[in-house]
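Enquirer: My questions will all concern the structure given below.
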Amino acid sequence: MEEGGRRGEAESSSASGGVVVVQKSSDAVGEETEVELGGRDVEDEEFDADEDEEVGADGFVPSPLIPLKDQLEKDKEDESLRRWKEKLLGCVEGELDGQTEPEVTFHSIGVVSEGHADTVTSLPVAEMQNRVLFTLKEGSKYRLKLTFSVRHNIVSGLTYSNTVWKRGLKVDQNKGMLGAFAPQRDPHELLLEEETTPSGVLARGIYSAKLKFEDDDKRCYLELDYSFEIKKR
């Protein structure tokens with residue numbers, strides 16, 4: 001496993017319903033096109049520095065959320081924009097209820113690895129279920145795969161962090177920007193960055209981990225504590 005935070009880039013699958021694959025990249029950012037015409041009001045670009053708004057550690061202040069239903073009513077005279085919106089959200093437009101905040105529900109987590117049968121665990125993990133969600137051989141390449149649904153509004157600036165410990169010592173931490181995701185009828189599928197399990201006698205054993213997903217307003221949609229095991233090849 002490689003250490004350090006990295007940013008991944010991924011195009012939102014809002015229109016196509018495809019699998020989003022997070023690739024390693026040093027300077028890429030997630031696709032934010034949908035945010036410009038969706039959950040954020042792009043006409044509200046200016047703000048008073050004296051306003052009582054929460055400012056992030058990097059000084060970024062997200063613009064206020066407005067209901068996606070209201071956004072769809074805008075710019076109806078712009079034919080190309082209207083067609084783009086219909087392609088993006090036409091299948092769920094009738095289900096929008098005017099709620100401002102997006103709702104993100106994670107359905108499953110799994111692991112994809114060559115030569116290893118895909119393992120899928122439904123979320124949330126049952127209270128009495130074994131927290132060792134998967135077992136891999138040393139030196140194996142793998143990706144975590146998740147499915148999730150978005151309702152009510154576009155979720156923007158979705159990020160993830162995955163921290164791994166062994167015997168109480170932090171041994172790895174990965175972070176990535178995933179981008180923006182719009183409501184759609186079929187769940188989104190997401191493949192996180194490819195990782196490689198360590199090798200050697202000391203690398204074998206059970207690891208504990210915490211996987212977390214947040215948006216650019218610091219709303220947390222999933223915080224999962226889990227374990228996995230590395231065995232001899």
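The values are calculated or read from the model by the stated rules, or taken from the named source; none is laboratory data. No experiment lies behind these values; they were computed from the predicted model shown. Ideal geometry is used to build each Cβ from the backbone, glycine not excepted, and the neighbour counts take in all protein chains shown. Ligands, DNA and RNA are excluded from the accessible area calculation, which covers all protein heavy atoms including side chains. Shrake-Rupley method; radii C 1.70, N 1.55, O 1.52, S 1.80 Å.
Enquirer: Of all residues being open to solvent by 60 Å² or more (accessible area, probe 1.4 Å) and in contact with a strand residue (DSSP E or B) (Cβ under 6 Å, 6 or more places away or on another chain) in the range 190-209, which is farthest from G168 (Cα to Cα)? Just the residue, please.
Expert: The selected residue is E194.
Enquirer: I'm told E229 meets every condition in (1) among the acidic types (D, E); (2) outside any loop (DSSP other than H, G, I, E, B); (3) in contact with a Phe, Trp or Tyr (Cβ under 8 Å, 6 or more places away or on another chain); (4) crowded, with 17+ Cβ neighbours inside 10 Å except one. Can you identify the failing condition by its number?
Expert: Single failed check for E229: (4).
Enquirer: Among the numbered conditions (1) under 16 Å from S227 (Cβ atoms); (2) among the β-branched types (V, I, T); (3) under 22 Å from the mean Cα position of the chain (by Cα), tell me where T147 comes up short.
Expert: Among (1) under 16 Å from S227 (Cβ atoms); (2) among the β-branched types (V, I, T); (3) under 22 Å from the mean Cα position of the chain (by Cα), T147 violates only (1).
Enquirer: To continue, here is another question. Would you point out the residue of the range 210-226, among those that are touching a residue at least 24 places away in the same chain (Cβ under 8 Å) and hydrophobic (A, V, I, L, M, F, W, C), that is most open to solvent (accessible area, probe 1.4 Å)?
Expert: L222
Enquirer: I'm trying to understand the selection: among the residues of the range 129-180, which are more than 19 Å from K218 (Cβ to Cβ), open to solvent by less than 40 Å² (accessible area, probe 1.4 Å) and not in a strand (DSSP E or B)?
Expert: The answer is E138, G139, S140.
Enquirer: In the range 181-207, how many are on the phi > 0 side of the Ramachandran plot and not in a loop (DSSP other than H, G, I, E, B)?
Expert: 1
Enquirer: Can you tell me which condition F181 does not meet? The list is (1) within 17 Å of S108 (Cβ to Cβ); (2) modelled with pLDDT of 95 or more; (3) of a type in the set (F, W, Y), and all the others hold.
Expert: (2)
Enquirer: While we're looking at this one, here's another question. Taking the range 184-214 on its own, how many of its residues are over 24 Å from K141 (Cβ atoms) and modelled with pLDDT of 95 or more?
Expert: Within the range 184-214, residues that are over 24 Å from K141 (Cβ atoms) and modelled with pLDDT of 95 or more number 1.
Enquirer: Filter the range 101-116 down to the residues that are surrounded by fewer than 16 Cβ atoms within 10 Å (Cβ to Cβ) and modelled with pLDDT under 95, then identify the one that is farthest from F181 (Cα to Cα).
Expert: Out of the qualifying residues, it is G115.
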